[in-house]
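> Below are the structure tokens for one structure; questions will follow.
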Amino acid sequence: MFQFAKEGYPFIIFFASITVISAILGLNWGAALALVLTLFMLYFFRDPDRVTTTGRNAFIAPADGKIILITEAKEDEVLNENKLKISTFMSPLNVHINRAPCDGIVKDVRHYPGKFYSAFKDDASILNEHITMLLDSDNHGPVVVKQIAGAVARRAVCRVKPGESLSQGERYGMIKFSSRVDIFLPLDTEIKVQLNDKVKAGETVLGVRKL
């Protein structure tokens, strides 16, 4: 079923209203521009269904986009320990819905105000406004996912709260306009993606572990 993210309806309704009002007033150029913006909002806030078919030992992509970083790094906001870090850049043309990489219980959700540098930059993970979610998985232990605002994005949305459970592939939030998502996985994860790979949230396997 074709659907839209609920966060998008204010934008869609606003530009659709401007389109109609401009057309009624005979403001053809204004109506044309507003129509283009309405169509873009419909496209940007699309929320297609995804079928998650991976097993309990796999981590799936939490975001659509391109892999821009794969490295071992210290997660120093909630765990304070080294993890495998995979970063995905989301352009304005990607679906911006974020999905759970594995089954788990939400243990913590923290919002960090910050700047709006380009999401491609390494410092964006630290300096940009972002939301960090700690997911505790029975199979994998703690997994951290960070929704990071970019140069265009101005708001990340996390729909879940501590104590709630998430199933692998379940929607849990989105970031409005271009952005980045970082995920921190156990060090013994076997990575299944490479730099510049295109991934789909809820479908692409980022890595697997032997359980």
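The values are calculated or read from the model by the stated rules, or taken from the named source; none is laboratory data. Fair warning: this is a prediction, and the values are worked out from it, not measured in the lab. Ideal geometry is used to build each Cβ from the backbone, glycine not excepted, and the neighbour counts take in all protein chains shown.
> Check whether at least one residue in the range 16-31 is under 22 Å from Ser179 (Cβ atoms) and either surrounded by 12 or more Cβ atoms within 10 Å (Cβ to Cβ) or modelled with pLDDT under 90 (or both), and report yes or no.
Taking the range 16-31 and keeping what is under 22 Å from Ser179 (Cβ atoms), we get none.
Scanning the range 16-31, I find no residue that is under 22 Å from Ser179 (Cβ atoms) and either surrounded by 12 or more Cβ atoms within 10 Å (Cβ to Cβ) or modelled with pLDDT under 90 (or both), so the answer is no.
> Looking at Tyr117, Tyr172, which is the one that is at pLDDT 85 or above and aromatic (Phe, Trp, Tyr)? Outline the logic, then answer.
Numbers: Tyr117 fails: at pLDDT 85 or above.
Answer to the selection: Tyr172.
> For the range 1-48, what are the residues that are aromatic (Phe, Trp, Tyr) and either under 21 Å from Ser91 (Cβ atoms) or outside any helix (DSSP H, G or I) (or both)?
Phe2, Phe4, Phe11, Phe15, Phe40, Tyr43, Phe44, Phe45
> Against the conditions (1) at pLDDT 95 or above; (2) in a strand (DSSP E or B); (3) under 27 Å from Pro48 (Cβ atoms), where does Ile148 fall short? Just the number, please.
(1)
Let's see how each residue does on (1) within 21 Å of the chain's Cα centre (by Cα); (2) among the hydroxyl-bearing types (Ser, Thr, Tyr):
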site: Phe4; (1), (2): yes, no
site: Tyr9; (1), (2): yes, yes
site: Phe14; (1), (2): no, no
site: Thr19; (1), (2): no, yes
site: Ala23; (1), (2): no, no
site: Leu27; (1), (2): no, no
site: Val36; (1), (2): no, no
site: Phe44; (1), (2): yes, no
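> On to the next question. Looking at Val51, is it at negative phi, exposed (fewer than 15 other Cβ atoms within 10 Å of the Cβ), outside the structural domain of Thr204 (by TED's automatic domain parsing) and assigned to a helix (DSSP H, G or I)?
Here the answer is no, as Val51 does not meet what is asked.
> Whether any residue in the range 60-69 is touching a helix residue (DSSP H, G or I) at 6+ places or on another chain (Cβ under 9 Å) and more than 15 Å from Val143 (Cβ to Cβ) is what I want to check.
The answer is yes, given that some residue of the range 60-69 is touching a helix residue (DSSP H, G or I) at 6+ places or on another chain (Cβ under 9 Å) and more than 15 Å from Val143 (Cβ to Cβ).
> Go through the range 169-189 and give me each residue that's in a loop (DSSP other than H, G, I, E, B) and under 25 Å from Phe44 (Cβ atoms).
Gly169, Glu170, Phe177, Ser178
> Let me ask something additional. Looking only at residues that are under 18 Å from Phe44 (Cα atoms), out of contact with any Pro (no Cβ under 8 Å at 6 or more places or on another chain) and not basic (Lys, Arg) in the range 190-208, which one is modelled with the highest pLDDT?
For the range 190-208, the residue satisfying everything is Val199.
> Given the residues Ile60, Ile105, Ile131, Ile97, which is the only one that is surrounded by fewer than 17 Cβ atoms within 10 Å (Cβ to Cβ), modelled with pLDDT of 90 or more, aliphatic (A, V, I, L, M) and within 21 Å of Tyr172 (Cβ to Cβ)?
It is Ile105.
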